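> Would you mind keeping the following structure in view while I ask a few things?
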Amino acid sequence: MTVKKIVTFPATILQEVCDPVTVFDRKLGKLLDDMYDTMIEFDGVGLAAPQIGIKKRIAIVDIDDESGTIELINPEIIKTEGEQTDPEGCLSFPGLYGKVSRPNYVKIKAQNRKGKSYTLEAEGFLARAIQHEMDHLEGILFTSKVIRYIEEEELERLENE
């Protein structure tokens, strides 16, 4: 397994719509494993393929809870409900944080590394992380949704409340 280099803004791949995954093989499995290692190395809770320079509809999320690591291949949002406004950051924007409003509940359909379809429901922080990573697959950056930017000191205070 390999830690990949994180692509940072203003790299154009971060604003491009990604291509669907059509081949489910060992190479895809290795890519997912590498993405996990990269996300952990850089202390993230999610990572999308374009963030490591790959223009494919692949993302992973792991918020360190009972859900474990969620692999999202060709994900689609089926339903959203509610609203939450909380701080977000992004590995492609080191040191930049902002308050973003997103649905509090999301139901998605995606495929696993073997190509099997599944549905998943998430609320709160997990729903936020999934939506953030799915935005990357559409070329949408969290900075386009920021209501107010926040300094790292304020972020730490908010996390400790």
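The values are calculated or read from the model by the stated rules, or taken from the named source; none is laboratory data. What you see is a predicted model, and the numbers here were worked out from it, not measured in a lab. No Cβ is skipped: glycine too gets one built from the backbone with ideal geometry, and neighbour counts run over all protein chains shown.
> Count, please, the residues in the stretch 20-39 that happen to be surrounded by 14 or more Cβ atoms within 10 Å (Cβ to Cβ) and either of a type outside the set (S, T, N, Q) or more than 23 Å from F142 (Cβ to Cβ) (or both).
11
> Enumerate the pairs (first residue in the stretch 73-84 and closer than 11 Å to R102 by Cβ; second residue anywhere and of a type in the set (D, E, K, R) and assigned to a strand (DSSP E or B)) with beta-carbon separation below 7 Å, excluding pairs fewer than 6 apart on the same chain, so at least 6 apart or on different chains.
Qualifying pairs under 7 Å: Q84/R102.
> Taking V106 and the conditions (1) among the β-branched types (V, I, T); (2) over 24 Å from V7 (Cβ atoms); (3) touching a residue at least 40 places away in the same chain (Cβ under 8 Å), which numbered condition does it fall short on, given that it satisfies the others?
The number of the failed condition is (3).
> A follow-up question, please. Out of the residues in the stretch 141-161 that are touching a residue at least 24 places away in the same chain (Cβ under 8 Å) and in a loop (DSSP other than H, G, I, E, B), state the one that is nearest to the chain's Cα centre (by Cα).
Per the criteria, the residue is L141.
> Anything in the stretch 65-88 that is of a type in the set (D, E) and assigned to a strand (DSSP E or B)? List them, or say none.
Those that are of a type in the set (D, E) and assigned to a strand (DSSP E or B): E71, E76, E81, D86, E88.
For every residue, the table says whether it meets (1) of a type in the set (G, A, S); (2) over 14 Å from the mean Cα position of the chain (by Cα); (3) within 30 Å of E154 (Cα to Cα); (4) at pLDDT 95 or above.
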{"site": "I6", "(1), (2), (3), (4)": "no, no, yes, yes"}
{"site": "I13", "(1), (2), (3), (4)": "no, yes, no, yes"}
{"site": "D19", "(1), (2), (3), (4)": "no, yes, no, yes"}
{"site": "I77", "(1), (2), (3), (4)": "no, no, no, yes"}
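> Kindly check whether there is at least one residue in the stretch 140-155 that is of a type outside the set (K, R), on the phi > 0 side of the Ramachandran plot and touching a helix residue (DSSP H, G or I) at 6+ places or on another chain (Cβ under 8 Å).
no
> When the stretch 27-64 is examined, which residues are found to be assigned to a loop (DSSP other than H, G, I, E, B), in contact (Cβ under 8 Å) with a residue 12 or more places away in the chain and not β-branched (V, I, T)?
F42, G44, G53, K55, R57, D62, D64
> Looking at S92, S144, which one is among the hydroxyl-bearing types (S, T, Y), surrounded by 13 or more Cβ atoms within 10 Å (Cβ to Cβ) and out of contact with any Asp or Glu (no Cβ under 6 Å at 6 or more places or on another chain)?
S92
> Let me ask something else about it. Looking at the stretch 85-129, which of its residues are closer than 18 Å to P20 by Cβ and within 14 Å of the chain's Cα centre (by Cα)?
Listed by number, the residues that qualify are I108, A110.
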